[in-house]
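Just below is one structure, and these are the notes that go with it.
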Amino acid sequence: MKIFTVGYNRKSAEEFFNLLKQPGLARVVDVRLHNVSQLAGFTKMKDLQFFLREIDDLDYLHMTELAPSEPIFVAYRRRGGDWGTFERAFLSLMRARHIEITLDRSIMDGACLLCGEPQPEHCHRRLVAEYLRDKWGDVEIVHLQ
C-alpha cells in the first residue's frame with residue numbers, strides 16, 4: 001500500500017496539481033479540520049473537488065476523523081503550543097478513534113493526505129501516515145514536495 005502526503009501552502013495551483021500526477025495516486029483525502037476558509041484559496045472544498053476531477057481525474061474525500069480535534073488544533077496553532085505536545089495529543093486521539101480499525105484500507109491505498117503545511121515534518125498528515133504504517137505494517141509513505 002502506498003500513501004502520499006501533500007501540503008498546499010507556498011505552492012501555486014500549477015505546482016500543486018502537477019505534484020498530484022503520480023503513478024498510483026487515486027484520490028485526495030483532505031485531513032484538514034476546516035476546509036472552506038477563504039484562506040484556503042484554490043483548496044476550498046468545492047473548488048478543490050472540481051479542480052481534482054477536471055485537472056487530475058482524482059476523487060476527493062474529506063475525512064475529519066483524520067484531523068486533530070478543535071481543542072488540539074487551537075492549543076497548537078492559535079495559542080502557540082509546542083510541536084511535541086501537539087504530536088502526543090494527536091497520536092492519543094488517533095489511538096482513541098481506532099483509525100487503524102475504522103478506516104477502509106482500500107480508500108487509503110493510493111490516497112494522498114492533504115493539509116496546509118508546506119512540509120510534512122510539523123504536519124499531522126505525516127503523523128496519520130506514520131501511525132497507519134506502524135499499525136498496518138505494509139505502508140509506503142511518499143511525501144510530495
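Summary of values
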| read-out | value |
| --- | --- |
| Whole-Hz ³J(HN,Hα) from phi, Karplus 6.51 cos²θ - 1.76 cosθ + 1.60, for the stretch 20-35, glycine and proline x | 7, 7, 10, x, x, 7, 10, 7, 9, 10, 7, 9, 7, 5, 10, 10 |
| Theoretical ellipticity at 222 nm over the chain - DSSP helices of four or more residues, -39500 (n - 2.57) apiece, nearest 500 | -10000 deg cm²/dmol |
| Phi-based couplings in Hz for the stretch 123-132 (Karplus 6.51, -1.76, 1.60; Gly and Pro marked x) | 9, 5, 4, 5, 4, 4, 4, 5, 4, 5 |
| Loop trypsin sites (Lys or Arg not before Pro), the stretch 66-96, which have at most 13 other Cβ atoms in a 10 Å radius of their Cβ (DSSP) | 79 |
| Other-chain or far-sequence residues with amide H under 5 Å of residue 81's (modelled H) | 76 |
| Share of alpha-carbon pairs per 5 Å distance bin for the chain, given as whole % | 2, 10, 21, 24, 21, 14, 7, 1 |
| Under-22-angstrom lysine pairs by C-alpha in the chain, whenever the two are 8 or more apart or on separate chains | 7 |
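Computed from the coordinates by the stated procedures, all read-outs in this text should not be read as laboratory data. This structure is a prediction, so every number in the text was calculated from the model and none was measured. Positions of Cβ are backbone-derived with ideal geometry, glycine not excepted, and every protein chain shown enters the neighbour counts.
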